[in-house]
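The values are calculated or read from the model by the stated rules, or taken from the named source; none is laboratory data. As the structure is a prediction and not an experimental result, all values here were calculated from the model. Cβ placement follows ideal geometry from the backbone for every residue including glycine, while neighbour counts extend to all protein chains displayed. Heavy atoms of the whole protein, side chains included, go into the accessibility calculation; ligands, DNA and RNA do not. Shrake-Rupley method; radii C 1.70, N 1.55, O 1.52, S 1.80 Å.
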Amino acid sequence: MRIALMTNNYKPIMGGVPISIERLARGLEGKGHQVTIFAPTYKEQEEEENVFRYDTLFNRFIGGIVLPNPFDLRIEKEFREKKYDIIHVHHPMLVGRTAVYLSRKYGIPLVFTYHTRYEKYVESYTGGVIKADKLMPMYLHTFLRHCNYVFAPTAGIQNYLTGTCKVSPDRVGILPTGIEERNYHVTEAEKEEIRREYDAMDCPLFLTVSRMAQEKNVNFLLESLSEFQKRFGKPFRMLMVGDGPHRPEYEKKCEALQLQDRIIFTGAIPNEELSYYFAAADAFLFASKTETQGIVVLEAFAGATPVLAVRASGVEDLVTTGVNGILTCENKEEYAKMLMDFCGENFKRAEMAENAYQSGLAYKEEALRVYNEVVTAAHAVPVIAGQG
C-alpha cells in the first residue's frame, strides 16, 4: 500500500506530532508499505529518503514553529506521480485543507488523527482573551465531514469528537501512539550514568520533556518547583529536556526564583537517547493542558516512571492517581504538596513505578495493528460528502 502522511510540522522540531508520525512511518515501512511524509522545509533539516519537503512561508511563527505553504504546487505533482492509496493527515488546517482537496480530486480515502487541542493553544497564546471552545468544534465538524475515518488517541478525545464535534461514532476509533521497544529495556547502568551525569545519585531526580513554549505551561511548573523547594529544604534535580522560543525566558525565571542550582536545561536530546532519561528519573512532571494524549506520558510509563501532572484532557485518560501517578489541579501550592507527598518516606514509589510500567505495556505495538486494519477498511469506503 502507498500511504501519504501529511503534516504541518516535523523534524527537526521536537514534539509529539513529529515523533508520532516518524514512528508510524517506520512501523508501516517495516510491514512492507511504501510511505511518504509530506512535511514543511526547515533550515536545520536532514534529508531523508521518505520525506518530501514542501515550501515554508515563514521560518518563525507562533510558538517558534514554521508556517508551511500548503499551496506549494509541488505537493500535488509529487502526490500525482506516486499514485497513493490513502492519505493520513495530522492537522485539520493548512495542509489539512490540501489533503481534503487531493482526496476529493483523486478519489482517495482520507483519514485524520486528532493530536492537538487547538482551542487550548489559542487561549494560551491570547492570555484567555480569545475563547475558541465553540469555534474550534464547529470547524472540526466541517473538516471531519470529508474524512473517511478519524483517529483519537484516547477514549476521552473520542468522546470529545463524537460529542462536542458531533462526528458520527462509526467513523471514530482509538489509535494510541505506540512506544518503541527500546523504551522498555533500559539497564540499571544506563540509568545510573544519567543520574551521575547530573549529580542526582543521592537526591530526587525529576524530569520533563517538552517544547520550551508557552502552551506547555512551563511557567507554572517552575513556580510550583519554587514552592516545593521552600518546603522540601533538601537537594533535588529537575531536568528540563527540550528547546523552544521561550527557553531563555525560563532560564531567567529560574534565576529569579533561585532555582538555578536545582533545574538544568539540557536542550533537545536525540529521540534514541530519551529512553535513558525517562527511566533514570524518579518522576515525570507534566503541566501541559493542550495534549490529546501526551506521548511523553507513555514514554515515562515505559521507563517505569510515575507521572505527576496537572489534570487535563488526554493526560487524565492515562494517569490514575495513586496507581501510576498523581493528578492535581493547576495550583502551585497543590502541585508542591503533591511533590512533597511523593518524596515522603512512607510513599509507595516502587509500587507506583511498577504500575506505570504495566500501563506502558498496554500500548506496546497496538497502534500499528489498529492502523493497518482501519487503513484497509478505509481504502474500500468512499468519502461521503456531508457525512457527519
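Reported count of residues in region 270-311, each being open to solvent by 20 Å² or more (accessible area, probe 1.4 Å) and either of a type in the set (F, W, Y) or more than 11 Å from the chain's Cα centre (by Cα) (or both), is 9. In region 23-38, the count of residues that are surrounded by 20 or more Cβ atoms within 10 Å (Cβ to Cβ), within 17 Å of the chain's Cα centre (by Cα) and either assigned to a strand (DSSP E or B) or modelled with pLDDT of 85 or more (or both) is one or more. Scanning region 358-377 turns up one or more residues that are out of contact with any Gly (no Cβ under 7 Å at 6 or more places or on another chain), buried (at least 22 other Cβ atoms within 10 Å of the Cβ), in a helix (DSSP H, G or I) and modelled with pLDDT of 75 or more. Scanning region 85-95 for residues that are touching a strand residue (DSSP E or B) at 6+ places or on another chain (Cβ under 6 Å), buried (at least 21 other Cβ atoms within 10 Å of the Cβ) and either farther than 17 Å from M1 by Cβ or of a type outside the set (A, V, I, L, M, F, W, C) (or both) yields H88, H90, V95. Just one of the numbered conditions (1) under 28 Å from M340 (Cβ atoms); (2) open to solvent by less than 20 Å² (accessible area, probe 1.4 Å); (3) aromatic (F, W, Y) is not true of F151: (1).
Is there a residue being over 26 Å from T142 (Cβ atoms) and free of Cβ contacts under 8 Å to residues at least 40 places away in the same chain anywhere in region 62-75? Within region 62-75, one or more residues are over 26 Å from T142 (Cβ atoms) and free of Cβ contacts under 8 Å to residues at least 40 places away in the same chain.
Restricting attention to region 7-22, the residues that are outside any helix (DSSP H, G or I) and closer than 19 Å to I86 by Cα total 2. Among the numbered conditions (1) buried (at least 23 other Cβ atoms within 10 Å of the Cβ); (2) modelled with pLDDT of 90 or more, tell me where H246 comes up short. Condition not satisfied by H246: (1).
Listed by first and then second residue, the pairs linking a residue in region 87-105 that is farther than 17 Å from F151 by Cβ to a residue that is among the small types (G, A, S) and buried (at least 19 other Cβ atoms within 10 Å of the Cβ), with Cβ atoms under 9 Å apart and 6 or more places separating them unless they lie on different chains, are L102/A4. Among the residues of region 186-204, at least one is surrounded by fewer than 21 Cβ atoms within 10 Å (Cβ to Cβ), more than 30 Å from H246 (Cα to Cα) and in contact with a Gly (Cβ under 9 Å, 6 or more places away or on another chain). Being open to solvent by 30 Å² or more (accessible area, probe 1.4 Å), of a type outside the set (A, V, I, L, M, F, W, C) and out of contact with any Pro (no Cβ under 6 Å at 6 or more places or on another chain) is the filter here; which residues of region 1-22 pass it? Correct list: R2, P12, G16, E22. Applying a threshold of 6 Å to beta carbon distances and a minimum spacing of six or more residues, or different chains, the list of pairs starting in region 25-38 at a residue that is of a type in the set (D, E, K, R) and ending at one that is open to solvent by less than 40 Å² (accessible area, probe 1.4 Å) reads E29/V35. Just one of (1) open to solvent by 30 Å² or more (accessible area, probe 1.4 Å); (2) under 30 Å from N331 (Cβ atoms); (3) modelled with pLDDT of 90 or more trips up L222, so point out which. Going through the list (1) open to solvent by 30 Å² or more (accessible area, probe 1.4 Å); (2) under 30 Å from N331 (Cβ atoms); (3) modelled with pLDDT of 90 or more, L222 breaks only (1).
Of the numbered criteria (1) modelled with pLDDT under 95; (2) surrounded by 14 or more Cβ atoms within 10 Å (Cβ to Cβ); (3) not hydroxyl-bearing (S, T, Y), the one G233 fails is (2).
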